[in-house]
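Read the structure below first, then the notes.
The values are calculated or read from the model by the stated rules, or taken from the named source; none is laboratory data. Every value quoted in this text rests on a predicted model; they were computed, and no experiment measured them. Here the Cβ positions follow ideal geometry from the backbone for every residue, glycine too, while neighbour counts run over all protein chains shown.
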Amino acid sequence: MESNHHKNKQNTVMKAEEEQGLTMEEKEKPENEGKAKKQWKLVSYDELPGYMKENEFIKNYYRAEWPLKNALFSFFSWHNETLNIWTHVLGFIVFLGLTLLHVSHHVPEVAQFVGHITWTIPVSTVENVSSNLGNFFGEAASYIKPPVIVSASEKSAPVAVRWPFFVFLGGAMFCLLSSSACHLFCCHSRRLNLFLLRVDYAGIAIMIVTSFFPPIYYIFQCDPHWQLIYLVSISAMGFVTVFTLLSPQFSAGEFRAYRATLFAGMGLSGIIPALHAAVVNWGEPRRNVTLAYEATMATAYLTGTAFYVARVPERWKPGRFDLAGHSHQIFHVFVIAGALAHYGAAVIFLRWRDEVGCAAAL
C-alpha cells in the first residue's frame with residue numbers, strides 16, 4: 001500500500017512538473033518570438049549598439065544586428081540606408097554598362113551581346129539626347145550603337161593600349177559595389193561591420209588611385225619617366241591611406257573629418273600632374289575641354305565631401321531627413337557625378353592618343 005501510494009505520489013509530481021514545464025515553454029515561446037521579431041524591426045538611434053552610432057542627427061529607421069538573410073532582403077525595403085545602397089548600385093550598373101560597351105569594340109562576342117541589348121534603341125533618340133545634354137553624352141552615346149569590328153589592317157592610326165582606361169572603370173565599379181555591400185550588410189554584427197567599413201575605405205582609395213591612370217598614362221605616354229613617377233606616387237599614397245585606415249579606431253564617427261582629409265589629400269595631389277600637363281600641352285585645343293571635365297570632377301568630389309563632414313542638412317533638422325535627403329546620400333550622388341565627369345575626360349584622352357600616338361603632346 002505504501003509502495004503504491006509512493007508511486008502514485010511520484011506520478012502526480014511528475015505530471016505536475018510536465019504540466020508546469022509545458023506551461024513555461026508556452027509562456028517562453030511567445031516571448032522568444034517577440035524578441036526575434038524585435039531584432040528585425042527598425043529601431044531608433046538610442047537603441048543602437050555603440051559601434052553603430054555614427055550620426056546622431058539620423059534619429060530613426062535603423063536596422064540593428066539583423067540576420068544576413070534579413071539584411072539581404074532589406075535591399076527592397078525602406079530604411080535609412082536604402083538610398084545609400086541604391087545610389088551606388090545604380091552607379092555600378094552604369095559603369096558596368098560603359099565597360100561592356102567599350103569592351104564590345106574589341107571582343108566580337110561581347111559586341112554581339114551588347115548588340116542584342118541595344119538594337120531596340122533608335123539611333124535618332126540617342127542623337128537627340130546627345131545634342132541636348134552636350135558633348136559628354138555625345139561621347140558616351142557613340143558607344144551605345146552596336147560597334148563595328150575593324151581589322152588591324154584597316155586602322156589608319158596606331159591604337160593606344162586600353163588597360164589604363166579599364167583600370168579606372170574597374171576601380172569605379174569596385175568602389176561603388178563595395179560601398180553598396182557595406183551599407184546593406186553593416187547592420188549584421190560588429191565584426192562584419194568593421195570588416196565592411198575597411199573594404200569600403202579601400203574601395204574609395206582604389207577609385208581615387210585608378211582615376212589617375214588614364215590621364216597620367218595617356219598624357220605622359222611619350223615621356224615614360226614622368227609617367228612612372230606620377231603613377232608610382234599616387235599608388236604609394238593609396239597604399240599608405242588604406243594601411244592607415246585598417247586601424248579599427250579610424251572607423252569611428254569622430255574620425256570622419258580625418259578620413260575625408262586623407263581621401264581629399266589623395267585627390268588634390270592630382271593638381272601637380274594636371275598643371276604639368278597643362279603647361280606642356282598649352283596649345284592643344286582639347287586641353288580646355290579635359291580641364292573642364294576634371295574641374296567638374298574635383299568640384300563634385302569636394303562638394304560631396306563637405307556634405308559628408310558637415311552632416312547637413314540633417315544637422316539643421318534632426319530626424320527630418322532620416323529616410324531621404326541626408327548628407328551621406330548627397331555625398332553618394334556627387335561621387336557618381338564626379339566619376340562620370342572623369343569618364344568624359346578619360347574618353348577624350350583615349351581617343352586623342354589613338355589619333356596622334358606619340359607624334360604630338362596633349
Note to self: Among the residues that make up the range 333-341, is at least one of them at pLDDT 95 or above, surrounded by 15 or more Cβ atoms within 10 Å (Cβ to Cβ) and assigned to a loop (DSSP other than H, G, I, E, B)?
What the structure shows: no
Next item on the list: Among the candidates LEU176, LEU194, single out the residue that is part of a helix (DSSP H, G or I) and at pLDDT below 95.
Entry: LEU194
Check: Hey, among LEU291, LEU245, LEU231, which residue is over 30 Å from ARG190 (Cα atoms), touching a helix residue (DSSP H, G or I) at 6+ places or on another chain (Cβ under 9 Å) and surrounded by 15 or more Cβ atoms within 10 Å (Cβ to Cβ)?
Finding: LEU231
Item checked: Pairs with Cβ under 7 Å, 6+ apart, first in the range 270-294 and among the small types (Gly, Ala, Ser), second in a helix (DSSP H, G or I) -> GLY270/PHE212; ALA274/GLU294; ALA277/ILE219; ALA278/ARG287; ALA278/LEU291
Check: Would the range 207-218 turn up any residue that is within 19 Å of ALA236 (Cα to Cα), in a helix (DSSP H, G or I) and either within 13 Å of the chain's Cα centre (by Cα) or not assigned by TED's automatic domain parsing to the domain that holds HIS88 (or both)?
Finding: yes
Next item on the list: Report yes if GLN221 is outside any helix (DSSP H, G or I), over 22 Å from THR303 (Cβ atoms) and in the same structural domain as ALA346 (by TED's automatic domain parsing), otherwise no.
Entry: yes
Item checked: Near pairs, Cβ below 8 angstrom, 6+ apart or cross-chain, from the range 241-252 (at negative phi and of a type in the set (Ser, Thr, Tyr)) to any residue that is loosely packed, with under 12 Cβ neighbours inside 10 Å and in a helix (DSSP H, G or I) -> none
Checklist line | Unmet requirement for SER327, which otherwise passes all of (1) surrounded by fewer than 21 Cβ atoms within 10 Å (Cβ to Cβ); (2) in contact with a Lys or Arg (Cβ under 6 Å, 6 or more places away or on another chain) | finding: (1)
Notebook entry, point to check: Quick one: which of GLY267, GLY319, GLY357 is within 20 Å of the chain's Cα centre (by Cα) and either farther than 23 Å from MET237 by Cα or assigned by TED's automatic domain parsing to the domain that holds SER235 (or both)?
Noted result: GLY267
Notebook entry, point to check: Would you pick out the residues in the range 322-338 that are among the polar types (S, T, N, Q) and within 15 Å of the chain's Cα centre (by Cα)?
Noted result: GLN329
Next item on the list: Out of GLY253, GLY283, GLY304, report the one residue that is within 30 Å of TRP352 (Cα to Cα) and assigned by TED's automatic domain parsing to the domain that holds ILE219.
Entry: GLY283
Notebook entry, point to check: So which residues in the range 314-332 are touching a Phe, Trp or Tyr at 6+ places or on another chain (Cβ under 8 Å), outside any loop (DSSP other than H, G, I, E, B) and not aliphatic (A, V, I, L, M)?
Noted result: SER327, HIS328, PHE331
Margin query: Out of the residues in the range 294-330 meeting the condition of being polar (S, T, N, Q) and in contact with a helix residue (DSSP H, G or I) (Cβ under 7 Å, 6 or more places away or on another chain), tell me which one is nearest to ASN84 (Cα to Cα).
Written below: GLN329
